[in-house]
Every structure is written in C-alpha cells, then in structure tokens.
Amino acid sequence: MIFNTGETSEELKAKYNPEGSVLRNAQFRMLEMLVYLDGVCKKIGVNYSIDCGNVLGAVRHGGFIPWDDDADIALEYKDWEKLTAYLEKNPHPQFVVQTHKTDPGYYGAWSVLRDLKSEYIKDDPRHKKRKLRGLQVDLFPYEKNIMEFPYRVVNKLQYFNARFFEVSHPFVANVVYSLIFKILVPILRFVSKMKGDNKYYMHSYGASWRDKIPENVFFPFKNIEFEGVVLKGPADPEGYCEAVYKNYMDLPPALHRNDHEASYRVWF
C-alpha cells in the first residue's frame, strides 16, 4: 500500500518498528496484555473494544500504527468498573492494574494495565512519582448522556490539580481528586441521565477527549483482527475512525507521528 506521503507499508515498518527493535518488542508485549485482557473480559462477562489509535491501526495497518507505543481499550462504564475491580482483586504476576488505590501517585480518571517487565522512561515529575511505570494498556470508560459543559469543567479541574498539586502538594491533590471523583462526578452522572445526549458515546467525565461516537458506530462490539489476533472492536471500525480522525487513511507529517515523548526498555 502507498500512503498519501508516498511511503509504503514496508518502508514505514523498516523506519519505525522493524522486527527485533525495542519498539516492536514493546508492541508485542502490549499485544500480550491485550490478549490477557480479552481472556479476562470473556471470563467475567464484560464487553470491550480496542480503542483510539489501535482501531485506526487495525483499519489502516492491520495492527499497531508503526510508531505507536501504547494500547487502549474501551468499555461501557459499568463494565469498566467490573473489570477494574476484578483486576485489583486478582492481580496477574506480570500485568497489574494502576488506579489511585493501587498506586497513590496516579490520579487518572481511568485505570491502566501496567507491565512489570518494562519501563517508560519519561522526563516528567508526575510520571516519576508513580510506582508503576511499565508499558501500558489504558482502560477507558465510555458513557452516553455526557453533558459537554460539565465535562469541560471536570477536565479543567483535573488539569489544575495535576499542574499545581500532584507533585508538590500530594495531600491537597488527594483531597481535590476525591472531591472530583467521589462527589462531583457522581452528581454529574446522575444529572446526565436526565439531561445528556443519549445518541453518542463519549469518554467518561475526567478525560480530555471530546470525541462523539454515534451509538450504532460504537456498539455492539464485534470481532476485529489486530496483529493477526482476533480481539474486539467497535461495531463500525471505519465509521469510528471517520468520527475520531476524519481523513483516517492519510498519514500525519513525520514530525507529528509520536507525541508521547518517552523512550522505553523491555526485558524478558
């Protein structure tokens, strides 16, 4: 395949993730994590879909975007709660869930599955305060009925907490985090059931993405091939990519192909 930049799939692989490279080894490790999560979700009866750039990668590249170094899954909020609770109570020897409960230095609005035999190396004080810093699969809760203005308010509060308190004033950060997610967000979730738009799925309160995924595009999840493995994906993968990425078959300029600003090491 020749992309809009004139590059071929083979050239991209040779440039970014050739077999045996650190990035390719990292991608294989994250694939192991996705397969593990697929098995757990089947075992406990929850539905999930690969998410974000992994859907784009599946559609455009048949797997990981060549330069991508993380993985994501999406779940309806109730299933996200169930999966996160199961992972907290039943830790895998190598893949462990990161929440504020399991890692007090983590203040995210979603949970993360972390690998204990790898490490992101990142010059970020917040990252360095976290106990778990391995390769990751983000576990994103999604909901319908999200109200956009309160969604932006919660995002701003999250940003303010991260910017001013997480590193230098952890006690204050804990208080603010609790106020947001134990009081404010449950109230908003209750009100949203009556006032929000139920035609779309969005990331739950606390995330910074405002993509609106039509319900028939997002759900029900269905099988999708990813790196030669059958996982779960959105109901309409191409429609999902169009809703989130617009001209999704076009490659971005080379300077914008990895915004994670991290290096990593993987051991076996």
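Some observations on this one:
- Within region 156-183, considering residues that are within 22 Å of K212 (Cβ to Cβ) and open to solvent by 40 Å² or more (accessible area, probe 1.4 Å), the one nearest to the chain's Cα centre (by Cα): Y159
Every residue, every condition in (1) within 19 Å of A71 (Cβ to Cβ); (2) exposed (fewer than 13 other Cβ atoms within 10 Å of the Cβ), yes or no:
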position: F219; (1), (2): no, no
position: G228; (1), (2): yes, yes
position: L231; (1), (2): yes, no
position: D236; (1), (2): no, no
position: E242; (1), (2): no, no
position: D250; (1), (2): no, yes
position: N258; (1), (2): yes, no
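Residues are listed down the side, and each one gets a yes or a no for (1) open to solvent by 20 Å² or more (accessible area, probe 1.4 Å); (2) out of contact with any strand residue (DSSP E or B) (no Cβ under 9 Å at 6 or more places or on another chain); (3) small (G, A, S):
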site	(1), (2), (3)
T8	yes, no, no
L12	no, yes, no
R24	no, yes, no
E32	yes, no, no
D38	no, no, no
K42	yes, yes, no
H61	yes, yes, no
I65	no, yes, no
D69	no, no, no
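Matching residues to (1) without any contact (Cβ under 8 Å) to a residue 60 or more places away in the chain; (2) acidic (D, E):
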site	(1), (2)
E10	yes, yes
K15	yes, no
V22	no, no
C41	no, no
D51	no, yes
G57	no, no
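- The numbered conditions (1) of a type outside the set (G, A, S); (2) over 18 Å from R152 (Cα atoms); (3) within 23 Å of the chain's Cα centre (by Cα) are all true for Y205 except (2).
- Every condition in (1) at pLDDT 95 or above; (2) buried (at least 19 other Cβ atoms within 10 Å of the Cβ) is met by G196 except one, and the failing one is (1).
- When Y48 is tested against (1) under 22 Å from E215 (Cα atoms); (2) surrounded by fewer than 21 Cβ atoms within 10 Å (Cβ to Cβ), exactly one condition is not met: (2).
- Output for region 127-136, where each listed residue is open to solvent by 80 Å² or more (accessible area, probe 1.4 Å) and in a helix (DSSP H, G or I): K128, K129
- Members of region 207-242 found to be part of a helix (DSSP H, G or I) and among the aliphatic types (A, V, I, L, M), listed by number: V217
- Those residues of region 73-116 which are closer than 18 Å to Y205 by Cβ, open to solvent by 10 Å² or more (accessible area, probe 1.4 Å) and not in a loop (DSSP other than H, G, I, E, B), in sequence order: E76, Y77, K78, D79, W80, E81, T84
- Filter pass, I146 being within 19 Å of the chain's Cα centre (by Cα), closer than 25 Å to F64 by Cβ and not hydroxyl-bearing (S, T, Y): no
- Yes/no for R210 being more than 27 Å from Y159 (Cβ to Cβ), in contact with a strand residue (DSSP E or B) (Cβ under 8 Å, 6 or more places away or on another chain), of a type outside the set (G, A, S) and modelled with pLDDT under 95: no
The values are calculated or read from the model by the stated rules, or taken from the named source; none is laboratory data. Remember, predicted model here, so these are calculated numbers, not experimental data. As a convention, Cβ positions derive from the backbone with ideal geometry for all residues, glycine included, and neighbour counts pool all protein chains shown. The accessibility values were calculated without ligands, DNA or RNA, using every heavy atom of the protein model including side chains. Shrake-Rupley method; radii C 1.70, N 1.55, O 1.52, S 1.80 Å.
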